[in-house]
Amino acid sequence: MSDYLLQMNGIVKSFGGVKALNGIDIKVRAGECVGLCGENGAGKSTLMKVLSAVYPHGTWEGEILWDGQPLKAQSISETEAPGSSSFTRNSPSSPTCRWRKTSSWAMN
């Protein structure tokens, strides 16, 4: 078992010649709650789309590890299998919770 449940190492995502993410590193231990804050255009949503495979593996550079194992997801369902979910302010409300933040990510 890894010290970290989630690791994102050196994440780079470009759109044409514009780098939306440039070498992002995040480490999250099991049980930790992490929030992303930043101005519009800072890359918060892009990072969550990389993590949730809206932008599948191969469309960005870097590495994602889930409990020490590479996560090379090609679809959202592949990221949900290990126990992750992502929610944005535009997600439909769940009967058990309401989201008011710009972007949140939950680990089950």
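By count of other Cβ within 10 Å, fewest leading, how are VAL34, VAL54, VAL18 ordered?
With the sparsest Cβ surroundings first, the list reads VAL18, VAL34, VAL54.
How much length, in nm to one decimal, is gained on full extension between LEU65 and ASN40, taken as 0.36 nm per residue of separation minus their Cα-Cα distance?
6.3 nm
Set the Förster radius R0 to 22 Å, insert the Cβ-Cβ distance between VAL18 and SER75 as r into 1/(1 + (r/R0)^6), and round the FRET efficiency to 0.05. If you can, show how the numbers build up before the last one.
On the way: r = 25 Å, r/R0 = 1.15.
Efficiency for this residue pair is about 0.30.
Roughly how many debye, to the nearest 20, is the charge dipole of the range 6-82 about its Cα centre, given +1 on each Lys and Arg Cβ, -1 on each Asp and Glu Cβ, and no other charges?
Numbers: 7 positive and 8 negative charges, 34 e Å.
Using only the charged Cβ atoms, the result is roughly 160 debye.
In terms of modelled amide H atoms, which long-range or inter-chain residues lie less than 5 Å from the amide H of ALA73?
HIS57
Mind giving me the FRET efficiency for VAL54 and ILE26? R0 is 25 Å, r the Cβ-Cβ distance, nearest 0.05 is fine.
My answer for the efficiency is 0.90.
Give, as a single signed number, the net charge of other residues whose beta carbon lies under 14 Å from the beta carbon of MET1, with Lys and Arg counted +1 and Asp and Glu -1.
Net charge around MET1: -1.
Name the residues whose placed amide hydrogens come within less than 5 Å of the amide hydrogen of TYR4, ignoring near sequence neighbours (fewer than 5 apart) on the same chain.
Under 5 Å from the amide H of TYR4 lies no amide H from a residue far enough along the sequence or on another chain.
Readers should treat all values here as calculations from the given coordinates under stated rules, not as data from a laboratory. Source: prediction; values computed, not measured. Cβ atoms come from the backbone with ideal geometry, glycine included; neighbour counts cover every protein chain shown.
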